[in-house]
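Participant: Please see the structure below; I have some questions.
Read the figures in this text as sums done on the coordinates, not as results from a lab. Remember, predicted model here, so these are calculated numbers, not experimental data. Cβ placement follows ideal geometry from the backbone for every residue including glycine, while neighbour counts extend to all protein chains displayed.
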Amino acid sequence: MYIVMLGAPGTGKGTIGKILSQDLNLSALSTGDIFREQINKRTVLGKKIQSYIESGNLVPDDVTIETVKSRLLEDDVKDGAILDGFPRTVAQAEALRIFLKENRPQAKRVAIELDVPDDEIIRRVVNRLICTNKSCGAIYNRETKPPKQVGICDICGSELKRRKDDNEETVTKRLGIYHQNSKDLIDFYRKNNALYSIYPKELDVAVKNIKEFLEEYRRK
Ligand code: ADP
Ligand code: ZN
């Protein structure tokens, strides 16, 4: 099963995606993480996309689609995956549909939409802190989920940092871009009859509801 996580920045796609990936034993594939890794490693791709990301714009569709397609050919995602941050446009959704139809005709596809009011999103994102240890990646919030020790990850002891694009100006821009694309994207999955929308107020309740939906969907 391929599970697409839809939702504006800061709605919890990464957090919920990570929990689902562990519980359902599916690899999580985050385009944001792939892109940030390329930037850190200063690859050709990284140099090409850096300015888009730091200014809060979308990376162009052709670059994004190629990146995801080559990732989807790897072994760990051949029976399914959780896609966090992809697709973000109808062109990307269409490319994914065709890719899966050609390469994984048996696989089920489903989309989960995380729907959170904008003012709450801005509060979440500007207070977000992320563990710099990539194999950990724990996410904290200065207001709602502070680490026990300032600036230090509870789990692995590494340094916590804010993402460069998590400032109010860039978040507002990312939200605007999300809302421009989201209606068509959500219609796309609604038409496919495979969309579950939820306001993830409490994390554990949201995860439980999503899992129940997926269980039912799997049996169909
Ligand atoms: P967020 O969901 O908080 O915006 P992500 O880590 O998913 O964070 O994405 C960070 C940035 O990476 C985006 O603002 C955008 O520039 C780029 N990006 C990620 N996924 C895509 C995508 N599917 N299409 C285009 N750009 C993307
Ligand atoms: Zn950590």
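Participant: Show the residues, 5+ positions off or on another chain, whose built amide H is closer than 5 Å to the amide H of Phe86.
Facilitator: Met5, Thr31
Participant: So what is the relative contact order for the chain, in percent, with contacts set as C-alpha pairs under 8 Å and at least six apart?
Facilitator: Result for the chain is 29 percent.
Participant: Cα-based Rg of segment 81-220 per 2.2 N^0.38 Å, rounded to two decimals?
Facilitator: My calculation over the Cα atoms of segment 81-220 gives 1.21.
Participant: Go through 142-154, 62-74 and give me the packing order, highest mean Cβ count within 10 Å leading.
Facilitator: My ranking of the peptides, most packed first, is 62-74, 142-154.
Participant: Now a separate question. In segment 1-150, what is the count of Lys pairs whose alpha carbons are under 14 Å apart, counting only pairs at least 8 residues apart or on separate chains?
Facilitator: Going through segment 1-150 pair by pair, I get 6.
Participant: Sticking with this structure for a sec: Where in the chain are the DSSP H helices whose C-alpha atoms run 18 Å or more along the long axis and whose mean Kyte hydropathy is at least -0.5?
Facilitator: Membrane-span-like by this rule: 44-55, 90-103.
Participant: Turning to a different aspect of this structure: Which value, in Å to one decimal place, does the Kirkwood hydrodynamic radius take for segment 1-150 when every pair of different Cα atoms is included?
Facilitator: Hydrodynamic radius (Kirkwood, Cα only) of segment 1-150 equals 16.4 Å.
Participant: Which residue, Gln22, Gln38, Gln92, tops the fluctuation ranking in a GNM of the chain built on C-alpha contacts under 10 Å?
Facilitator: Highest fluctuation among the options: Gln22.
Participant: Then there's this: Sum -39500 (n - 2.57) across every DSSP H segment of at least 4 residues in the chain, then divide by the residue count to get the 222 nm mean residue ellipticity, nearest 500.
Facilitator: -16000 deg cm²/dmol
Participant: What percent of all Cα-Cα pairs in segment 148-220 falls into each 5 Å bin, going from 0 up to the bin containing the maximum distance?
Facilitator: Bins of 5 Å from zero give 3, 11, 11, 12, 18, 18, 13, 10, 4, 0 percent of pairs.
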